[in-house]
Amino acid sequence: MRENVFINKYLSKLIKKNSGAKNLNDDIFYDRKNKLAVTVDTYNEGIHFLNFKYPDLIIKKIIRSSISDLISKGVVPKYYFISASLKKNTINKISAEKIIKSLAIEQKKFNIKISGGDTTTGVTNSFTITSIGFSNKIIERNHAKINDDIYVTGNIGDSFIGLQLIKKKIKLNNKKSNFFFKRKYYVPDVPFNSIKIIKKFANTSIDVSDGLIGDLNKLINKQNVNYILDINKIPT
């Protein structure tokens, strides 16, 4: 069963009198009274990250992917919780030290604080991140207006190219380009400095994770508006 079908047909029955849930049609929960914004994401090996060969990079990838949900809503992330279900012998002294070092770097870079979590043994490697922030308002989905412009931060497709290089499905002769795109896959850019701009100018917003077209459709899925992408006006 597709995720959107499960949510719309079944889970949506449970959200009556819970305005903060945003009808389960946004990336975060937002309690306006308490200015509380929460997002939860699960990342599974083989689906959301290729493998656990580089634990220091993978942990950066999932932390940044999590807080980007808040950032895209104009919310400054403050706290995070991390739960892990890991195969036996996945974590040893070396990998543990790499993970802790990466978390310390990310905490300092984005001014976030680890605040709890859980660990257990499983049949595959999986992480669930809960990120929390506080804000007077958020930029919601389905608030697009006629004649709105569409903006993205960063370059669409860099991470995908990096993944194809790691899978050896494509090849680049330039070493700098190889490193650049692989780095984009493991350590995606987070537009932290765009929070104030998003909050000031955006009518609606979404964190792009499933591709530009797919996420644009999610962004306006309950509105009677259309969008036009003029590739001739996209800078190269």
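Going by the structure shown, is Glu140 buried (at least 17 other Cβ atoms within 10 Å of the Cβ) and assigned to a loop (DSSP other than H, G, I, E, B)? Considered against the rule, which asks whether it is buried (at least 17 other Cβ atoms within 10 Å of the Cβ) and assigned to a loop (DSSP other than H, G, I, E, B), Glu140 comes out as yes. Of the residues making up the stretch 205-217, those that are outside any helix (DSSP H, G or I) and either touching a strand residue (DSSP E or B) at 6+ places or on another chain (Cβ under 6 Å) or surrounded by fewer than 16 Cβ atoms within 10 Å (Cβ to Cβ) (or both) number 2. Flag set for Lys33, criterion: open to solvent by 60 Å² or more (accessible area, probe 1.4 Å), over 29 Å from Asp189 (Cβ atoms), modelled with pLDDT of 90 or more and out of contact with any His (no Cβ under 7 Å at 6 or more places or on another chain). Within the stretch 165-188, if we keep just the residues that are among the polar types (S, T, N, Q) and in a helix (DSSP H, G or I), the residue that is surrounded by the fewest Cβ atoms within 10 Å (Cβ to Cβ) turns out to be Ser177. Here Asn89 fulfils each of the conditions (1) on the phi < 0 side of the Ramachandran plot; (2) without any contact (Cβ under 8 Å) to a residue 60 or more places away in the chain; (3) not in a strand (DSSP E or B) apart from (1). Listed conditions (1) assigned to a loop (DSSP other than H, G, I, E, B); (2) open to solvent by 40 Å² or more (accessible area, probe 1.4 Å) are all met by Thr119, apart from (1).
The values are calculated or read from the model by the stated rules, or taken from the named source; none is laboratory data. Model, not experiment: these values are computed from the prediction. Cβ coordinates were reconstructed from backbone atoms using ideal geometry, including for glycine residues, and neighbour counts include every protein chain displayed. In case anyone asks, the SASA skips ligands and DNA or RNA and just uses the protein heavy atoms, side chains included. Shrake-Rupley method; radii C 1.70, N 1.55, O 1.52, S 1.80 Å.
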